[in-house]
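Q: Here it is: the structure, laid out below.
Each value in this text was obtained by applying a stated rule to the coordinates, not by laboratory testing. The model shown is predicted, which means the values in this text are computed figures rather than measured ones. Neighbour counts are summed over all protein chains in view; Cβ atoms, including those assigned to glycine, are modelled from backbone coordinates with ideal geometry.
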Amino acid sequence: MALLLWLIWPILVLAVDQSKFRTCEQTSFCRRFRAYTKEVSTQQAALPSPVHSASEVLVEGHKVSAKIVHRYGESAQLEPLTLQLQFFRSQQSCGVVRFTLEHEPSTGRSSVVRRSVVEPAGPLEPDEVVAATVEGGTTFTSKSGACAVLLRHQPFQLEIFRDGLLLQTFNARHFLNYELPRHGRATESPRPVGPPLDAADLDPRFLWEESFDQFVDRRPGPTGRGFDVSFAESMALVGLAEHATSLHLGKFQEPYRLYNLDVFEYEVDVPMALYGAIPFVTCVQRSGASGLLALNPSEGFVQVDASNATESWWIFETGPLELYFFLGPSVTDVLQQYHTVTGLPRMPPLAALGKHQSRWNYITPEDVMEVSRNFDRHGIPLDFLWLDLEHTHGKRYFTWDPKHFPLPEVETMLDSLNRTHRKLVTIIDPHLFANDSNYTVANLFKEKKLVVQKPSGEDFHGFCWPGPSVYPDFCSPEARAEWAKLFDFKAYPGRPAELYTWNDMNEPSVFDGPEITLPKDTRHHCGDEILEHREVHNLYGFWVQEASVQGHLLRQPEQRPFVLTRSFFAGSHRHGAAWTGDNMANWRHLERSVPMLLSLSLCGLSLAGADVAGFMGDPDLELFVRWHQLGIWYPFYRAHAHLTSKRREPWIFGTTVLEKVRSAVLTRYRLLPMWYTLAAEWALLGLPMIRPIWYHDLQDTQAFQHADSHFFVGDALLVRAPETGKSVKLYLPGNSSWYDFWDPSSIRPSGSYKEPLHKHHVPVFVRSGHCLVQRWRPRRSSGAMEGDPYTVVCYGQPATGRVYIDDGRSHEYQKGAYIFDEITLDFNALRGTASTLDKTKRAASAPSVERRIERLVLLGMTKIPKQITKGEETLDFSIDSQPERTSAVDLTVRKPGLSFGSSWSIHFH
Ligand code: NOJ
């Protein structure tokens, strides 16, 4: 019955039921911290405010330690906390400062989190500091650069500087709140006489027990970790993915919530929690940027006040107080510093950048093959088909439904898909059906005691798609290893094939749990530590995806894994792709997809997309077409639809719609070499694949007003999201010329325009000075394009570009088997120079891939060359157009006889 209700639920309601999810006011640790911030703020002028002071400051190499005492007046005092600051280098320069504040004796809790998120990134490179005493404090300056931290003793405060510029202040407003269950206070007691020592003193209700929506949470007492950070001179604060809000944070009274939840049909423009949480922000200043990561996977709330210099406060329910300050100076530096701490992203297979076709559900192998054939019939390229829940035997993951997906047919389907260079994804959720004694997958975890447990030690059972379910304890390394083994084709019926994975419902979703997730007092066995779920909640989905990736690597070690996740945490970019969950087929969701994906990109998770054309509901034809026209500019471009929505493959709506979608998808494929280069620069350098409109021109203050509707793909292309209606407001940032991507004969300067919306595409512009590498031969999939030569298109003179090429599927690139060429066009020549993405790597052992260049298209050459030569040879070229009133000219050189991977040049005379 509950399952039936869940299926018809979307028909009954139009949007999320907000009452199912807590607000700050309904969450005691947040409510009391908010009250505490008010109390501290109002007391500050009149009274000696609650004061943390630093003493016993010691410096050793790159480490600083101090005792932090919380004192009120002369009498009240808590046991001191231990502060540690550690300085690290990133990209050969200073820039990372780790801050930890712990109560002694130190627990192993923080190491569980650090082991998962930070350590796999490799050892951090220490950066020695020198200490200098200044009035009221000590300054620590990095020996390797202009990074410094001033520790103020009384009251305790940290000021973070780069090049003498103040970037951030920690505890500027004295909200630091490190709650500890006090000895001798076994029950909730009335507030002690006198001012509060921490938020728990201020409001001692619900410290041990709290109810919400008929669920009671019993916890080990007050453990809140709260603090404030002020960002200097901020133009925008971005990050804190995932919220369906504007890119720039700070528009709400209610704090942004960080608690991974299954929010069906989420609402936009509210700071409610969604499926993933990345407690990382970047503060953008005119002169650069700085960042802050709070490495804490327990429930959190972040209040951002953007009205002044940006002020923020953060409160987490429990766990370590471990922060990383990133000192920039540029937005790119901040992101690279973030990757120094959390690791670089996983390089996706090239095919993952192609088109993905999903729905809940393709119902038989024949249905899948028919969809695949129809893509061919209608000339639309496609790389991935996706199978949702119904392909399984009664939602038992790692099985096939014997009736609708009998194994022989599945194997034939896999064979023929792979023959046509297409791939299949199957859904694998982390809840395992518990009421079938023959379901070996669930039995394995139950027998080995590797499932999440109740506080009593019994297995926890929750309700999800299959019915009563157990949840593997992904905090346990053993459980992750067992999960990984399930991907082996000996365990997973099928055959060695290009079969990939989709991890859904991994917040995890528990239909009958508090806020549709695991009760916070359930237990995890994380190696040597037994932790409550509340301590690691936001990491559950991270581990599910990580274990699935390990499964792929075990079963097909030569093949790059591809695993999509709904739930994520800081560092999830190391595992694969993410998508923005159950959006709706309406214009507001289309619009909000842009800032949501930008925010993910700025949190390291570039390979992300939103369901095209909205998961829930039936899009009208305009929305359907527009969403595809926008979706081809998402790094991860997948069509997906809810079970109750009407079929919506692009040929269903007649030729006009079909043609528009076909032309959009063909554009995506034409630009695959560019997308793949961006993916490589993301995976190997940590650069975001899509970027806010202001990213490359922080001086252009006007651009900041268009941050939700425009975005860069790489550094060359600017996309303007569509709206209903005939035209949109367009802003071309910076100080340059812009080519209309669809009609490059139209060039215009930076500025504001009223742009008519073309039926066949959304507005896209290329900044003059860029060369894009493309492949122009239409094929059925990226695999089918492997033997095709390249076309280089340069917009404007001079111009530069880059191209990355490898075999698209193996790990050989890690040994240097890739091509990375830099292309330079000046007034005399066009050159290709073999380069490397990682200067420390050996010279590339050449991959055996197609590298021929079949065409050079040079747009906006300042004059017609009399002759173009390659060495002794004269090359033919044609003049394509010569715009009126200018001497500029567009020309094409066909068959120049050039190849990527070695240096080459052609000269203009
Ligand atoms: C929820 C996911 O968000 C959605 O994409 C999927 O189709 C359903 N679960 C069913 O698996």
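Q: Over region 502-645, one equal point on each Cα, no solvent: what is log10 I(q)/I(0) by the Debye formula at q = 0.12 Å⁻¹?
A: Evaluating at q = 0.12 Å⁻¹ gives log10 I(q)/I(0) of -0.58.
Q: Here is a further query. Percent relative contact order of the chain, based on C-alpha pairs within less than 8 angstrom and at least six residues apart?
A: Numbers: 2238 pairs, mean separation 83.0, N = 909.
Averaging sequence separation for qualifying contacts and normalising by length gives 9 percent for the chain.
Q: While we're looking at this one, here's another question. Under the Kirkwood approximation applied to all pairs of distinct alpha-carbon atoms, what is the hydrodynamic radius of region 548-598 in Å? Spell out each step's value before the answer.
A: Working: mean 1/r = 0.0775 Å⁻¹.
Computed over Cα pairs of region 548-598, the Kirkwood hydrodynamic radius comes out at 12.9 Å.
Q: Along the three principal axes, how long is region 653-735 when you take its alpha carbons, biggest first, rounded to the nearest angstrom?
A: For region 653-735, the Cα spread along each principal axis is 46, 35, 19 Å.
Q: Based on the Cα coordinates of region 789-908, what is the per residue volume of their convex hull in Å³?
A: Residue-normalised Cα hull volume stands at 104 Å³.
Q: Sort 316-325, 59-68, 866-875 by the packing proxy (mean of other Cβ within 10 Å over each peptide's residues), most packed first.
A: Going from most to least packed, we get 316-325, 59-68, 866-875.
Q: Quick check on my link table: of LYS423/LYS490; LYS403/LYS449; LYS143/LYS815, which ones sit more than 23 Å apart, alpha carbon to alpha carbon?
A: Correct reply: LYS403/LYS449; LYS143/LYS815.
Q: Next question. Determine the sum of side-chain charges near GLU546: Lys and Arg each +1, Asp and Glu each -1, restricted to other residues whose C-beta is under 11 angstrom from that of GLU546.
A: +3
Q: If you don't mind, another one. Only helical DSSP H runs with n ≥ 4 go in: add -39500 (n - 2.57) per run for the chain, normalise by residue count and round the 222 nm mean residue ellipticity to 500 deg cm²/dmol. The partial results should precede the final answer.
A: Numbers: 15 runs with 175 residues, N = 909.
Taken over the chain, the calculation gives -6000 deg cm²/dmol.
Q: I need THR655, THR426, THR833 ordered by Cβ neighbour count within 10 Å, fewest first. Intermediate values should be presented prior to the final figure.
A: Values: THR655 10, THR426 21, THR833 13.
Fewest-to-most ranking of THR655, THR426, THR833: THR655, THR833, THR426.
Q: Using alpha carbons only, how many angstrom separate the centre of region 844-893 from the centre of region 423-502?
A: Using only Cα atoms, the two centres lie 56 Å from each other.
Q: Ordered by packing density, taken as the mean number of other Cβ atoms within 10 Å over each peptide's residues, highest first, how do 438-445, 152-159 rank?
A: Highest-to-lowest ranking by the protection proxy: 152-159, 438-445.
Q: Highest first, please rank the peptides 517-526, 400-409 by the mean number of other Cβ atoms sitting within 10 Å of their residues.
A: 517-526, 400-409
Q: Just the ratio, please: alpha-carbon radius of gyration of region 308-369 over 2.2 N^0.38 Å, N its number of residues.
A: 2.00
Q: So, one more: If you bin every alpha carbon distance in the chain into 10 Å steps from zero, what whole percent lands in each bin?
A: 2, 12, 21, 25, 20, 12, 5, 2, 0, 0
Q: Quick one: work out the % antiparallel among DSSP beta bridges in the chain, nearest 5.
A: 85
Q: Give me the tail of P(r) for region 596-699 as a percent: Cα-Cα pairs with distance above 25 Å.
A: Roughly 28 percent, rounded to a whole number.
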